[in-house]
Amino acid sequence: MDYRIRKITPNEAFRLMGCNDDDYKKAKCVASNSGLYKTAGNGIAKSCLEAIFCQMNINGVPTWEEYSKKYT
């Protein structure tokens, strides 16, 4: 069996990081493909970060809901 590994496109990399296609199109205007891969790879997915913060239960530290009420 011959298996071939396909490299993801920069647009797919942005989608995996939680960005929409409009964000990708804006970044594409100012960066090369290698720059786009670096941009997508140097971040953290928004959904991953939200999950981490939701699981943190530190005594004395306000929850995200309590903290955000101060600034809305």
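To make sure I understand the rule: partners must be aspartates and glutamates, Cα under 16 Å from the Cα of Lys46, and not fewer than 8 residues away in the same chain. Which ones qualify? The qualifying aspartates and glutamates are Glu12, Asp21, Asp23. Between Lys25 and Glu50, the contour length at 0.36 nm per residue exceeds the alpha carbon distance by 6.5 nm.
Every number in this text was worked out from the coordinates using simple rules, so none of it is lab data. These numbers were taken from a predicted model, which means no experiment stands behind them.
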